[in-house]
Amino acid sequence: MMRLLDNVKNPLVILLMVIGLVSYLTRDIRAAVIIGIMVLLGIVLRFFHELRADRSTEKLRAMVSNSVLGKKSN
């Protein structure tokens with residue numbers, strides 16, 4: 001849930017929401033709806049993209065094992 005809220009804090013998303021609000025207040029409902037849809041799509045797509053990237057990262061970490069090999073000093 002926090003990740004979803006972090007996506008809303010994106011400066012571009014905030015700017016689009018302000019523009020959407022201005023469009024709504026100036027009674028340009030069509031523009032406000034289109035901007036609202038763009039904001040929602042952007043937030044949802046970014047959320048699922050980050051979720052998928054995190055899952056891939058965890059799978060890669062599971063495949064890699066870290067070990068320290070001791071070297072003999074002469």
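How about the stretch 1-16: which of its residues are exposed (fewer than 12 other Cβ atoms within 10 Å of the Cβ), more than 22 Å from residue 31 (Cα to Cα) and aliphatic (A, V, I, L, M)?
Answer for the stretch 1-16, where residues must be exposed (fewer than 12 other Cβ atoms within 10 Å of the Cβ), more than 22 Å from residue 31 (Cα to Cα) and aliphatic (A, V, I, L, M): 1, 2, 5.
Within the chain, which helices (runs of 4 or more DSSP H) (wholly inside it) include 1 or more residues that are modelled with pLDDT of 90 or more?
Output list reads 11-25, 29-63.
The values are calculated or read from the model by the stated rules, or taken from the named source; none is laboratory data. None of the values given here were measured: they were computed from a predicted structure. Every residue, glycine as well, gets a Cβ built from its backbone with ideal geometry; the counts of neighbours run over all protein chains shown.
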